[in-house]
Amino acid sequence: MPSQLLARKSIDKLIRDSEEPQHALRKTLGPWSLTALGIGAVIGSGIFTVIGTAISGEQFDTSSMVNTPLASFLLTHTALAGRPGAGPAIAVSMILVAFVCALTGLCYAELASMIPIAGSAYTYTYATLGELVAWIIGWDLILEYAGSNMSVSVGFAAHVVDLLDWFGLHPSARWISPAYLPSGLQDLAGNTLYNPGWHFGFNIPAFLIVMILTVILVRGIRESASTNNMMVAFKLVAILIFVFSVIGFIHPANWHPFMPNGWSGVLTGGSIIFFTYIGFDSVSTAAEECRNPQRDLPIGIIATLVVCTVLYVAVAVCLTGLVPWRSMVGDAAPVVNALKKLSILPGGRPLYWVRLVVLLGALMGMISSILVYQIGQSRVWFSMSRDGLLPRVFSRVHPFFRTPAFSTWVAGFVVAIPSGLFDIGTLADLSNIGTLFAFVLVSVGVIVLRFREPVRHRGFVVPGGPIVPALSVVFCFLLMAGLPIITWYRFLIWLVLGLFIYFFYSRHRSEFAGLR
């Protein structure tokens, strides 16, 4: 068994397997499409929804160890009644996160230029750290993408409701809210619509958006990329309009104190908003569909980080200057709601129309995020199935569209149904810890390959030798320490479940099953 657990796939064999006709994907993506895919993933839900929580933090009724960030508990041994927000220093949190992503992005770029195969971190660890670690990271990525898209889908539905409100339409809350509401549901006046718990209803907008995009993805990556490019362009225009329209309404006094909760708040804010930066990870999952992966993948990854960080910081600075940072506690649509508050003030009438543009841009951002994450999730399942770790049906390619149709449909239903039923805010944290764990393994993989295969051609080489990958590992663990202890518990449970499936199913069906 130890031989199988540590068995590594030959990089040359990985490339040969991907070129078999029954498993081959169409190579249609260039650097512009890859960058657009990355921007579509990064600037999605976070800049319009999670940013409010990152700024204001979270508050609970009582102090609890499991809801306390791990780093804070280790340093103070004190349970907190929530998580501290970054306040106006959210801009610093974003720069910190971008720095960590840049370090990891360079590692991704080197591995992706060496191993241009669908599957992202899963494929890279299979070629460097062995089958067991590859299974763990693949299982981890399934959680990462599914959790992100469930949260984004629910956020999309909330913005659809806000858009309908702009037009004076107010559909029944039963069909635009999850069936399970842990905190209940209140209207804008504070009146209770539903008590905490289950109610008869279904979040139809969240369900429909996932299924519509699933149909697009089944039809093919070219159609998906073209659709995503248009949405990304509209989203960027909306963000720029927001930034330049609100400059005259900024109150510098809202930026004081700049760092109300110190570095603890900065770290926690970065940990909360981190999952919106996994776009470049999704870029690498499309490696097998690139025309020139050795050149295009590094360009797509790094360009995504640069563009998105500039836009993130611009929106954060403007938002915290418009309204007090504490006012965004529990606000799932802080950008839109800030515009709504200001539009009714004297001289704020122009923001009434800006709100509409930002609403549409937010919706486009969430659609593009769902699109890219669904691509990533189905491609990971596709790769794991091709290696025998999941049933072979997941790697079946549509005879006409040449896409992994079955895995795409399954991924669609797995995300769409829970999105209609649950309000899954905690899955954002699970997505964060899963992403950071994947980043750690990718960074370690770069160091391992430098020693194991030093002469293999690399279209891109991480500068600084092992220093950059080592720093990536350290900073990823630092951000993981900013997550609540309960997130660590849930992540460990998910990993144990995955190991159970591996040892009782996947291990006996992989191509290395004969090794003991």
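Coordinate-derived values only; no laboratory data. The shown structure was predicted, so the numbers you read here are calculated from the model rather than taken from an experiment. Methodologically, a virtual Cβ is constructed for each residue, glycine included, from the backbone with ideal geometry; neighbour enumeration extends over all protein chains shown.
Highest average first, the peptides 375-384, 237-246, 92-101 ordered by how many other beta carbon atoms sit within 10 Å of their residues are 375-384, 92-101, 237-246.
Counting neighbouring Cβ atoms within 10 Å and putting the fewest first, the residues Leu478, Leu267 line up as Leu478, Leu267.
The distance between label points at Met211 and Ile241 comes to 3.1 nm (points 7 Å beyond Cα on the Cα→Cβ vector). Put a dot 7 Å past the Cα of Leu345, heading toward its Cβ, do the same for Ile467, and the two dots end up 4.7 nm apart. Counting neighbouring beta carbons within 10 Å and listing from fewest to most, the residues Lys341, Lys235 come out as Lys341, Lys235.
Of the peptides 497-503, 213-219, the order by per-residue mean of other Cβ atoms within 10 Å, starting with the highest, comes out as 213-219, 497-503.
Could you let me know the centre-to-centre spacing of the range 497-511 and the range 328-402, using Cα atoms, in angstrom? Cα centroid of the range 497-511 versus Cα centroid of the range 328-402: 32 Å apart. Here the range 339-416 is described by how far its Cα atoms reach on the three principal axes: 64, 25, 16 Å, from widest to narrowest. The protection proxy used here, the mean number of other Cβ atoms lying within 10 Å of each residue, ranks peptides 82-90, 298-306 as follows, highest first: 82-90, 298-306. Cβ-to-Cβ counts within 10 Å put Tyr352, Tyr312, Tyr489, Tyr126 in ascending order as Tyr489, Tyr352, Tyr312, Tyr126, the fewest first.
Once the Cα-Cα distance is subtracted from the 0.36 nm per residue extended length, the Val496 to Arg392 segment shows a gain of 35.1 nm.
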